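These notes concern the structure reproduced below.
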C-alpha cells in the first residue's frame, strides 16, 4: 500500500503542474442483481470546476453477463453541462458497452469498449466527447492486495471520433487513471481515483481530476433484512 501512495503522489505532482484546469468528480448510486445474469443500477454524478457545478447527469444501466469473462450493458444518461457564459446545455446520451475480464491469482485484467450516441450534435468546427458520437477503448489492470481493503487500479482510455470531416476518424482524447477500490463490510463500496483528461488537438488540453464513487448493493441490504426477520 505504501508503494501505491508513493506512485499516486508522484502521478499527482507530475501532472498537476502541467494541467490547465482542476476538477472534482463524484457519483453515488445503487445496484440490484435480478439473477446471475442480469443487473440493474442507477447513479447520479456531479463534476465541479472552480467551485461551480460543471456537469451533472443521472444514469440508468442494465447489464447482462454472457459468460464469466464477458458482459454487455447499456446506459442512459441525461447530461447537463455548464457553458462559459453560465448557461447549461443538455443532451440525452446512450452508451453501449462490452467488457472483457481475465483474472490470474490476485491480478485482474479488463478491457471495455464503448460506443456512445447523443441527441446533441457538435458543429463541424468543434468536437465534444460528452455530446458527440465516440468509440472508446479502455484497458485496465487491478491488483487485490492480500489482507488489505485496497485494490489498486490503473487504466488508460482513448476516445475515437468516428465522424466524417476534418475532425473525424482520429483519436481525440486520452484519459490516464490511477485509483483504488475499498472493500468495505456490508452493502457499501467506495472507489477513489486521480485522473488526467487530455485532449490531443486542443491548446488547453489537460485537466487534472480527483474523484470519489459510492455504490450501495440493494441485494446485500435485502439479504440482511431477511436474516433479521428470521430471528
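Points worth noting:
- Those strands (runs of 3 or more DSSP E) lying entirely in segment 37-134 with at least 2 residues within 22 Å of residue 218 (Cβ to Cβ) and modelled with pLDDT of 95 or more: 38-49, 52-67, 70-82, 88-104
- Per-region count, segment 195-214, residues surrounded by fewer than 17 Cβ atoms within 10 Å (Cβ to Cβ) and at pLDDT 95 or above: 3
- Condition broken by residue 173, with the remaining ones in (1) touching a residue at least 40 places away in the same chain (Cβ under 8 Å); (2) within 24 Å of residue 61 (Cβ to Cβ); (3) exposed (fewer than 13 other Cβ atoms within 10 Å of the Cβ) satisfied: (3)
- The conditions of being surrounded by 15 or more Cβ atoms within 10 Å (Cβ to Cβ) and either in contact with a helix residue (DSSP H, G or I) (Cβ under 8 Å, 6 or more places away or on another chain) or under 23 Å from residue 198 (Cα atoms) (or both) are met by residue 129.
- Check on residue 214, under 25 Å from residue 90 (Cα atoms) and in a loop (DSSP other than H, G, I, E, B): no
- Residues being in a strand (DSSP E or B), crowded, with 16+ Cβ neighbours inside 10 Å and free of Cβ contacts under 8 Å to residues at least 60 places away in the same chain - total across segment 177-194: 7
- Every residue from segment 155-168 that is surrounded by 18 or more Cβ atoms within 10 Å (Cβ to Cβ) and under 20 Å from residue 192 (Cβ atoms): 155, 157
- Residues that are surrounded by 14 or more Cβ atoms within 10 Å (Cβ to Cβ) and either under 19 Å from residue 191 (Cα atoms) or within 15 Å of the chain's Cα centre (by Cα) (or both), drawn from segment 43-62: 43, 45, 46, 47, 48, 55, 56, 57, 58, 59, 60, 61
The values are calculated or read from the model by the stated rules, or taken from the named source; none is laboratory data. For clarity, every value in this text was computed on a predicted model and none was experimentally measured. All Cβ positions, even for glycine, are placed from backbone atoms using ideal geometry, and neighbour counts span all protein chains on display.
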